[in-house]
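Have a look at the structure below, then the notes.
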Amino acid sequence: MSDKNSLLEARGIGKAFLGITALDGVDLTLERGEIHALLGENGAGKSTLIKILTGVYSRDHGTMRLEGAEVTPSSVAEAQGLGIGTVYQEVNLLENLTVAENLFLGRQPRRFGLIDRGEMRRRSKTLLERYGLDIDVDALLSSYSVAVRQIVAIARAVDLSGKVLVLDEPTASLDAHEVEMLFAVLRRLREEGLGIIIITHFLNQVYAVADRVTVLRNGRLVGTRKLAELPRLELISMMLGRELQHITREHQAQEETVISAAEAPIRFSGYGKRGSVAPFDLDIRPGEVVGVAGLLGSGRTETAFLLFGIDRADSGTATVDNREVALSSPEAAIASGFGFCPEERKTDGIIGDFSVADNIALAVQARQGWAKPISSREKAALAENFIKSLDIRPADADRQMKFLSGGNQQKAILARWLATEPRLLILDEPTRGIDIGAHAEILKMIEKLCADGMSLVVISSELEELTAIAHRVIVLSDRKHIAELKGDQVTADNIMQAIATRTEAA
Amino acid sequence: MIHTRNLPFVTTLGIFVIAYALCVLQFPNMLSTRVIGNLLTDNAFLGIAAVGMTFVILSGGIDLSIGSVIAFTSVFVAVLVGSLGVHPLIAFAAVLVISTLFGSLMGAMIRYLGIPPFVVTLAGMFLARGAAYLISTESVPISHEMIDAIQGFYFRFPGGGRLTALAMLMLLVFIVGAFIAARTRFGANVYAIGGSQQSAELMGVPVGSTTVGIYALSGFLSGLAGIAYTLYTSSGYSLATVGVELDAIAAVVIGGTLLTGGVGLVAGTFIGILIQGLIQTYIVFDGTLSSWWTKIVIGILLFVFIVLQRGIIWYSNRRLAEGRLKEI
């Protein structure tokens, strides 16, 4: 075996689905001891490329060489056997099994034909110690945090394959501390000579951990560059193919004075639920964006659930236009003019098999009551209107929702609520899993909506996003509202400061 | 310390012990080897079938064909041995092969045609019942010296109870079943598929052959249960054992196995069978209660267990959330 060969070399990879080209002549070279980031907007072909490399899909064109030898893995198991292991973002390990069972599924140590549980436990312990994890390997995987599960998944993949590790969005649901833990593991594996391919949306993380980056756009290769020599703006323009439009806080200062003077028509006082969120006060004025910040598990989503009546508050009152309302269900909240776009778009938001038009019409229909169906002409008009105004692509109202990209699905969900003309719209992580182009569009849309007089509550884990759009930011920690930042105070530093102070005090 | 995943099993065991103690308080005679021996013998065929059902449910599936396959097997054996004079061992081997193939075929349809197990095994249920009617609509008596020998064979417990061949067969099936579930790769794969078929597939579990294997095992055990039923009643009857699959499902769920798959123990199913047998025995001892009370109590117990399982899921989610808070 010659050392001149790269660890993994893919040349001219092409793939089409039902005549639609997903990948067109893409090259990727991975060296030993390298962390290689794979970037691109949604639909750029990252997932398709990864699935070809790991044996999930077969390729139509191109060659793949592992340590100089041509390979064509036709299944995940075969790719693993060759030395290519994968850790997926969501579909990962089995939560109903123990840590040890997950690590050794399919290759359990046996004695006399029976699984040797003692041996399996010992080997799991030794394996995880290398990753700095000292945990009870006989406990269920579901009893550990996402970060620990992720490391267990990596440990399994590396132990199984040992040459190439592919990570698909490994950090999507981790908080900052957990990300650091994961990166420490990746750096160690790099020193051991592994080649690592990582897909992520977070540019900061790309610069923090990766050596080189390959950018794809619309199924084609844009380029492979060393990150040390690549300015951030250039990377973004490689991804977008255009200069990024900066989002600024124009005219905001002047609006704020007007806003805070006005009496708040929507007020929550002493609102809370035991075991979910401690009682809080919240006034929401027209044309105002209230940001909600906090770490994962701090009570962000729980706050949204309370405001929208998904969870019932056990203390406090909610008043709309000086009249007390009981937000006992989402239906009641919709009746009060509230709307909610949940975080888990795929599971809680869209109905994949329905058309775009049907998805948009859902909330209007719910508001009207099921006895008065919306005519198909009204529905088409509604859909056409929003597809144009929100620039939903492809502009086809009859297309099934599941065939849209993440960004366009999110726009369609926004359209659903906008169609009900709500006075308060709650957005939980509106830009999660969305490419940069759609990201900017959605932020702009939020600004436009509040300029039209709608109130918004935006929950986000991206501080830059919050500081760009929010007039006020509520900071949560430990399921309590710990601070409220206004006007010039709204900066990423202040938010982190608030969380940090609180954590130290606790 | 009890892991939460064993909590349903421990609860079932606790309920059984308490229920048995209460029964004994009222009828001290119930604490005799005679009662226990009969309980095991009377429920032998159900227990054998329930072991197969445990694997099916652990994998997240369901098998509705069990009762019909038992009826088919018993009629088939009875006609072969009773009417045609075939040697029982040949008849047993033949039905075990047929029922195993039948199960494999259903498993293959579930896996390779992507049809839900409920639908496939519902079709299998009608098919096997129909085939049983086709063979004979009469109750066919069976008599053979070897069968008499098996029926007459037992170990005597101190206290006059009998551990019959049928009871021993059931216990053996439970022990082997527990070993397969806990200590073989096939067993581990069953739990994996029940947890998430997609994840299991991505982790390299041979989902296809395992699924076929699961339904083949259930078919084989249904056939074995049919043989046990034939030996128990000394006859074969195509109208018998209607709805036995539902009793088996009840035993599995009461035994602490999640209907959604992935969590449960073969030993739990054994306790589930014992609880059902205990209720029947109590009704016999009481003498005034209608035998339908068995169904009512089983129904209540099922409700309790489904609520308990929801509670455990809720509790472990909450604990996880609290764990996260501490980390922050």
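Things worth noting here:
- Of all residues in segment A:455-488 being over 17 Å from A:K444 (Cα atoms) and among the hydrophobic types (A, V, I, L, M, F, W, C), the one that is nearest to the other protein chains (Cβ to nearest Cβ): A:L476
- One residue stands out in segment B:28-50 among those that are surrounded by fewer than 16 Cβ atoms within 10 Å (Cβ to Cβ) and out of contact with any Gly (no Cβ under 7 Å at 6 or more places or on another chain): the one that is nearest to B:F270 (Cα to Cα), namely B:L31.
- Failed item, numbered, when B:A250 is tested on (1) part of a loop (DSSP other than H, G, I, E, B); (2) at pLDDT 85 or above: (1)
- Contacts under 6 angstrom Cβ, first residue in segment A:113-135 being without any contact (Cβ under 8 Å) to a residue 12 or more places away in the chain and within 14 Å of chain B (Cβ to nearest Cβ), partner surrounded by 15 or more Cβ atoms within 10 Å (Cβ to Cβ) and of a type in the set (D, E, K, R), 6 or more apart: A:L114/B:R183; A:I115/B:R183
- As a summary of the residue check, A:A147 satisfies the conditions (1) within 13 Å of chain B (Cβ to nearest Cβ); (2) surrounded by 18 or more Cβ atoms within 10 Å (Cβ to Cβ); (3) at pLDDT 90 or above; (4) assigned to a helix (DSSP H, G or I) except for the one numbered (3).
- Test for A:V146: is it among the hydrophobic types (A, V, I, L, M, F, W, C) and farther than 30 Å from A:A69 by Cα: yes
- Selection of segment B:247-264 for residues being buried (at least 24 other Cβ atoms within 10 Å of the Cβ) and at positive phi yields B:G256, B:G264.
- Filter result for B:D63 (out of contact with any Phe, Trp or Tyr (no Cβ under 6 Å at 6 or more places or on another chain), modelled with pLDDT of 95 or more and on the phi < 0 side of the Ramachandran plot): yes
- Condition met for A:T126 (closer than 25 Å to A:L23 by Cα, exposed (fewer than 15 other Cβ atoms within 10 Å of the Cβ) and at pLDDT 90 or above): no
- A:I392 closer than 30 Å to A:A176 by Cβ and in contact with a helix residue (DSSP H, G or I) (Cβ under 9 Å, 6 or more places away or on another chain): no
- Scanning segment A:77-97 for residues that are touching a strand residue (DSSP E or B) at 6+ places or on another chain (Cβ under 6 Å) and within 9 Å of chain B (Cβ to nearest Cβ) turns up A:T86, A:Y88.
- In the set B:G195, B:G236, only one residue is touching a Phe, Trp or Tyr at 6+ places or on another chain (Cβ under 8 Å), farther than 30 Å from B:S32 by Cβ and buried (at least 19 other Cβ atoms within 10 Å of the Cβ); that residue is B:G236.
- Members of segment B:2-55 found to be outside any helix (DSSP H, G or I) and in contact (Cβ under 8 Å) with a residue 60 or more places away in the chain, listed by number: B:F27, B:S32, B:N43
- Some residue of segment B:201-210 being away from every other protein chain (no Cβ under 14 Å), acidic (D, E) and part of a helix (DSSP H, G or I): no
- If you go through segment A:61-76 and keep only what is touching a residue at least 24 places away in the same chain (Cβ under 8 Å) and either surrounded by fewer than 19 Cβ atoms within 10 Å (Cβ to Cβ) or within 14 Å of chain B (Cβ to nearest Cβ) (or both), you end up with A:H61, A:G62, A:T63, A:R65, A:E67, A:G68.
- Residues of segment A:296-328 that turn out to be without any contact (Cβ under 8 Å) to a residue 12 or more places away in the chain and not in a loop (DSSP other than H, G, I, E, B), as a count: 3
- B:A192 assigned to a helix (DSSP H, G or I) and closer than 24 Å to A:S142 by Cβ: yes
- Enumerated helices (runs of 4 or more DSSP H) restricted to segment B:56-144, each holding at least 1 residues that are surrounded by fewer than 22 Cβ atoms within 10 Å (Cβ to Cβ) and hydroxyl-bearing (S, T, Y): B:88-112, B:117-135
The values are calculated or read from the model by the stated rules, or taken from the named source; none is laboratory data. Just so it is clear, the structure is predicted and the values come from calculations on it, not from any experiment. Ideal geometry is used to build each Cβ from the backbone, glycine not excepted, and the neighbour counts take in all protein chains shown.
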